[in-house]
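The next block holds one structure in the form of structure tokens; read it before the comments.
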Amino acid sequence: MDSPIWAALSAAERSTVDSLIQQDHRIAAVARIREAIPVGSKPGLYDTLDVVAERYRELGQRFERYPTHPLDLVTLVEKVEALPGRTVAMEALWDGDTDGWSVDLIALTDDPATEHRLAMIRHGSDMRLFNGTVPPWPEAQEAETVGRALAEQFAVPFHFASPDQPDFDAPRWRNTS
């Protein structure tokens, strides 16, 4: 790899970074590179991300996230049936990370009141925001369809407070019921 940033790392640090990449820990790999280089010559964040992306390619891994596979209702029903307590609702919630937005499909149970993540749905990175391909949000549409079918299967309500746009602060089912 032809990079002054990569060349500045010791063989042990390069091995550690590659190990992090092989575990798909991109942010940890970026942090490790930046921590290993002295303060006066520490590379910028974007330059370090470029190095990590190049290492992904050289190690035969994909840097961009794959969309999640379509949800399988039969498998989700089995997951819900295996949960402790009585299922009282299904809920879809927006979540986000350094890769972009996703929707979590949640089963809520009582005795004790707990939530169980059944699936995470992602259909692309935040590049979709910049190139104008969302909305509509396909992950929200899938969560709505599958979440409603799952709720019907268990005769419980389905709640998705913000299906049209990502919203961390949308009201939760337990707070609105």
Springs between alpha-carbon atoms under 10 Å, Gaussian network over the chain: tell me which of SER102, SER162, SER15 tops the mean-square fluctuations. SER15
Leaving out ligands and nucleic acids, and using a 1.4 Å probe, what accessible area per residue does the chain come to in Å²? 57 Å²
Among GLU54, GLU144, GLU35, whose mean-square fluctuation peaks in a Gaussian network model of the chain (Cα, cutoff 10 Å)? GLU35
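222 nm [θ] for the chain, helices only, -39500 (n - 2.57) per DSSP H run of 4+, per residue, to 500?
-12500 deg cm²/dmol
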Degrees separating the helix 45-58 axis from the principal Cα axis of the chain, which is the longest one: 90 degrees
Among ALA12, ALA92, VAL103, the residue whose Cα sits farthest towards the positive end of the charge dipole of the stretch 1-121 (+1 at Cβ of Lys and Arg, -1 at Cβ of Asp and Glu, taken about the Cα centre) is ALA12
Along the stretch 22-30, what does the Karplus equation 6.51 cos²θ - 1.76 cosθ + 1.60 (θ = phi - 60°) give for ³J(HN,Hα), rounded to whole Hz, x for Gly and Pro? 5, 8, 6, 9, 4, 5, 5, 5, 4
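Give me the net charge of ALA107's neighbourhood, meaning all other residues with Cβ under 13 Å from the Cβ of ALA107; Lys, Arg count +1, Asp, Glu -1.
-2
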Within 15 Å, Cβ to Cβ, of SER41, how many net charges do the neighbouring residues add up to if Lys/Arg are +1 and Asp/Glu are -1? -1
Cβ under 11 Å from ALA151's Cβ, ALA151 left aside: what net charge do those residues give with Lys, Arg +1 and Asp, Glu -1? -2
Centroid-to-centroid separation of the stretch 138-177 and the stretch 1-67 [C-alpha atoms, Å]: 38 Å
Can you give the charge dipole size of the chain about its Cα centre, rounded to the nearest 20 debye, using +1 on the beta carbon of Lys and Arg and -1 on the beta carbon of Asp and Glu? 340 debye
Label of the coordinate-derived value, P(r) over Cα pairs in 5 Å bins from 0, in percent, listed as [x] 1, 8, 13, 16, 17, 15, 11, 8, 5, 3, 2, 1, 0; [y] 1, 9, 18, 22, 23, 16, 8, 2, 0; [z] 1, 8, 15, 15, 12, 11, 11, 10, 8, 6, 3, 1, 0: [z]
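Say R0 is 45 Å: what FRET efficiency, to the nearest 0.05, do ASP111 and LEU45 get from their beta-carbon distance?
That gives a FRET efficiency of 0.45.
The values are calculated or read from the model by the stated rules, or taken from the named source; none is laboratory data. Keep in mind that what you see is a predicted model, and the values were worked out from it rather than measured. Heads up, the Cβs are rebuilt from the backbone with ideal geometry, glycines too, and the neighbour counts pull from every protein chain shown. Protein only, heavy atoms only, side chains kept; ligands, DNA and RNA dropped before computing areas. Shrake-Rupley method; radii C 1.70, N 1.55, O 1.52, S 1.80 Å.
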